[in-house]
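The values are calculated or read from the model by the stated rules, or taken from the named source; none is laboratory data. All values derive from a computational prediction rather than experimental measurement. Glycine also receives a Cβ, built like all others from the backbone with ideal geometry; neighbour counts cover every protein chain displayed.
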Amino acid sequence: MDAIRQKASLCHDLTIVIGKDDGHNADLPDSGILSSSSNSLKLQVAHVETLARLNGDFKTTKRPFGANNLYAIPPSSPQRLFWFEDLKQIWTSLFWHFKQLRSLTMQVNGDCGWPGRTEIEDTLVALRIALEQSPMPELKTFTLSPVHAMGIQHLCWSGFGVFGSSSGKVSVWQKLDTLDLRIVNPVTLDDEQLVMFRKVLYNYLASFSSTIRVLRLVWIGAEGPCPLRLDLEPGLYGRPPIQWRKLEELWIGNAVAPDSEDKKTLPPAVRSFRMLRSTHKQSTTVDPNDSSAWLDIAFRDNGPKPSNSISRASSFYSQGQEPDTPCSVSRSSRSIQVYFEDLRSK
């Protein structure tokens, strides 16, 4: 913990790995520093119980149970509440040292089904509250790569049903410039759970709609709904489209828009629109600066004009490019038809 605090004051980029991905990092230590440089730091938090024991500022006598049987204890029990409060204090004390932090990435290896509030989700709630209670004047980019459905639900910070209590200081989220999401599509959910997840995702994205300048959303494992058209998804009919007031850059991967007669427009401030190429559609670590991973969707006449549209045929097939070649965009991205409308005169 002392080593983390010493590095924190100069850290610009922080990555927190939460839980273990059996396919990739099963052999990593339960908690600790995975890598560091002069201005970046990567931490592993597989068992937060271990992290708590490493911190000499907090007593372990409150936890007569181990990480493996933590969730056999009822959520309202004093032991579990003590554990959660300690966890919030640990992260709050750490985040206060990251005053130059510009980019925060969370790699959340949670259950892709609908497990409820497990140790992973409790950790996310504690991290969210700790961020809200810490000074983060330079933080502009927040990345979740990957994140699961329950992870999104427990990171919601605005509206009804927010988990945990906080000081009410949510300016850390309102000051963000870039939101980067790589969501594992929860294909195993039943219809009722899927509708609930779509509502959670709608609310989460809407909470950033008036402030975010850059949005990147890539679905992992299976194609998912387009973030611009969530209001047309089953179970969300009647909700207004999310109004992205400041969005200038839009990056979408593996998204499918639902069938509709309505002509949905790009947000009026958007000046750059990119889609993920098919050769990168399963990656959780796509670099936005990698030109081989993204395809620019050019605006006609260098800007949105009334009645202009991007045709799937004219963009790809008429150029003689076969689907899923290295220079093609994924099938799901090709299925999104985009219309431009000049709203400045309205």
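Take the residues of region 126-145 that are charged (D, E, K, R) and surrounded by fewer than 22 Cβ atoms within 10 Å (Cβ to Cβ): which is farthest from ASN39 (Cα to Cα)? Taking the candidates together, the pick is GLU132. Of the residues that make up region 110-122, is at least one crowded, with 18+ Cβ neighbours inside 10 Å and of a type in the set (Ser, Thr, Tyr)? Taking every residue of region 110-122 in turn, none turns out to be crowded, with 18+ Cβ neighbours inside 10 Å and of a type in the set (Ser, Thr, Tyr).
Quick one: would you say LEU230 is buried (at least 16 other Cβ atoms within 10 Å of the Cβ), within 15 Å of the chain's Cα centre (by Cα), touching a residue at least 24 places away in the same chain (Cβ under 8 Å) and part of a helix (DSSP H, G or I)? Considered against the rule, which asks whether it is buried (at least 16 other Cβ atoms within 10 Å of the Cβ), within 15 Å of the chain's Cα centre (by Cα), touching a residue at least 24 places away in the same chain (Cβ under 8 Å) and part of a helix (DSSP H, G or I), LEU230 comes out as no.
Within region 174-190, the residues that satisfy the criterion of being part of a loop (DSSP other than H, G, I, E, B) and over 25 Å from ALA222 (Cβ atoms) are LYS175, LEU176, ASP177.
Within region 234-255, is there a residue that is more than 22 Å from ASN109 (Cβ to Cβ), under 18 Å from the mean Cα position of the chain (by Cα), β-branched (Val, Ile, Thr) and assigned to a strand (DSSP E or B)? Checking region 234-255: at least one residue is more than 22 Å from ASN109 (Cβ to Cβ), under 18 Å from the mean Cα position of the chain (by Cα), β-branched (Val, Ile, Thr) and assigned to a strand (DSSP E or B). Filtering region 266-311 to residues that are at pLDDT 75 or above, in a strand (DSSP E or B) and hydrophobic (A, V, I, L, M, F, W, C) leaves PHE273, MET275, LEU276, TRP294, LEU295.
Would you check if there is a residue in region 201-220 being closer than 30 Å to PHE98 by Cβ, without any contact (Cβ under 8 Å) to a residue 40 or more places away in the chain, in contact with a strand residue (DSSP E or B) (Cβ under 6 Å, 6 or more places away or on another chain) and assigned to a loop (DSSP other than H, G, I, E, B)? Checked region 201-220: at least one residue is closer than 30 Å to PHE98 by Cβ, without any contact (Cβ under 8 Å) to a residue 40 or more places away in the chain, in contact with a strand residue (DSSP E or B) (Cβ under 6 Å, 6 or more places away or on another chain) and assigned to a loop (DSSP other than H, G, I, E, B). Among the residues that make up region 162-169, is at least one of them at pLDDT below 95, touching a Cys at 6+ places or on another chain (Cβ under 9 Å), closer than 18 Å to LEU87 by Cβ and among the aliphatic types (A, V, I, L, M)? Yes, that holds for at least one residue.
In the set LEU101, LEU94, only one residue is at pLDDT 75 or above and part of a helix (DSSP H, G or I); that residue is LEU94.
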